[in-house]
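Beneath this line is the structure, given in structure tokens, with notes to follow.
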Amino acid sequence: MDPARPVAEALVLDRNPLEVSPEELPRLKVLRTFVAGQEVSS
């Protein structure tokens, strides 16, 4: 990891990763990303 690059602190996914099969995990979509409490993508 590059220490100069921010790391996401929280993600909002389209589905609960604990409720999908392992095969479905790569197909989860990131809906929102937060870094330092600020939304950086949606």
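Only one of these is touching a Leu at 6+ places or on another chain (Cβ under 6 Å) and surrounded by 10 or more Cβ atoms within 10 Å (Cβ to Cβ): VAL40, VAL30, VAL20, VAL35. Name it. The match here is VAL30.
Within the stretch 1-17, the residues that satisfy the criterion of being of a type in the set (A, V, I, L, M) and surrounded by 11 or more Cβ atoms within 10 Å (Cβ to Cβ) are ALA8, LEU11, VAL12, LEU13.
Computed from the coordinates by the stated procedures, all read-outs in this text should not be read as laboratory data. Since this is a predicted model, take the numbers as computed values, not measurements. Heads up, the Cβs are rebuilt from the backbone with ideal geometry, glycines too, and the neighbour counts pull from every protein chain shown.
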